[in-house]
1. Mind ordering B:61-68, B:109-116, B:266-273, B:290-297 by average Cβ neighbours within 10 Å, highest first?
2. Sort B:240-248, B:212-220 by the packing proxy (mean of other Cβ within 10 Å over each peptide's residues), most packed first.
3. Please compute the modelled spin-label separation between residue A:21 and residue B:147, points set 7 Å along Cα→Cβ, answer in nm with one decimal.
4. Just checking the output field for B:146-156: average partner chain Cβ neighbours within 10 Å of each residue's Cβ?
5. Could you give the distance between the Cα centres of region B:183-262 and region A:16-94, to the whole Å?
6. Quick one: among B:136, B:169, B:87, which has the greatest mean-square fluctuation in a GNM of chain B with alpha-carbon springs under 10 angstrom?
7. Could you grab the relative contact order for chain B? Cα pairs under 8 Å, six or more apart, rounded to a whole percent.
8. Between rounded, prolate and oblate, where does the protein assembly as shown land on the alpha carbon gyration tensor, with a ≥ b ≥ c its root eigenvalues, rounded for a/c under 1.5, else prolate if a/b exceeds b/c?
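None of the figures in this text is laboratory data; all of them are computed from the coordinates on show. Please read all numbers here as calculations on a predicted model, not as lab measurements. Note: ideal-geometry Cβ built from the backbone for every residue, glycine included; neighbour counts use all protein chains shown.
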């Protein structure tokens, strides 16, 4: 399942997509949980009883601000969450 | 000096936004002979529904406005449908809560997100050909892809603002002083197509609508402009995950042809029809999840 967390507003589209099929048997040991400086990710049991990662609810409405510190404008060349997620489950839309 | 206002001199407050609450029972079925009775309760931000499923088939539902606390809304919704058929809570084997108030359904055995429940409900209502679901809820909007069993394969939700939602339509209904059920048909009663209002933010759209009225627009034209804006807004949401054939709309806005026809026109796809109230999709899906879980429990 592709789960898109985030929003679209007048300034743009801000979504983090998580391919939960790659999360279920995460070979990286859910490294995204500790890689994110804002601790936005957490592991949950979804509606189909699979253990997957999602973006915490309060962060879903503030992604543009929460992720700003990790974007190229802040000096990063790659996003910590995407780098840590070696199965390639995490994507940013912006 | 404060002027004294007498209550009987105040103008009567009409609630143009108030939509039809419904209680329905399938009189051709007898729940007393059923092996498994399950219930789904969807406590949404604007409306609450309780759906009864007997042996995996829709039996009855109650759809009403959500009150100021979730547990009471859940109780009232369920009580309404149980009173209609003489059922008691003890007769129900499994209750699933869904919607934003799902964790506050006191008698629920399990809580499941509205995303999974809407997909499951739409699969029941539209058949296993349903692939893309647009849920236009009271205060959020969801675009969902599912497989032939109603399992979610992709979803996107926007709950940051009330634009493109039922609450937005209620505000416009009150502003125009036109009953909400008439907005859709009246949006087509215009001489020529109108541009969408530039903002779908409920607050700004309201200001813009007032500006259009002052500029000489008829009420119908203003409604058409708002319906068009709402359609454009949700289509942009849908396009993010893509639209596949087997397109189904759930939620209260599915009853508004002014928005639905405009969405269909923008997408170039016709939405699937159903005889079941589109507003109960979430609760229906929850009840069906309950049926599956109870069946497994009984078989174990």
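1. B:109-116, B:61-68, B:290-297, B:266-273
2. B:240-248, B:212-220
3. Distance between the two pseudo-spin positions: 0.8 nm.
4. Numbers: counts 1, 1, 0, 0, 0, 3, 7, 4, 6, 5, 10.
Partner-chain Cβ atoms within 10 Å, mean over residues of B:146-156: 3.
5. 35
6. Most flexible of the set in this elastic network: B:87.
7. Working: 641 pairs, mean separation 69.1, N = 300.
Dividing the mean separation by the residue count of chain B yields 23 percent.
8. Values: a/c = 1.67, a/b = 1.07, b/c = 1.56.
Oblate.
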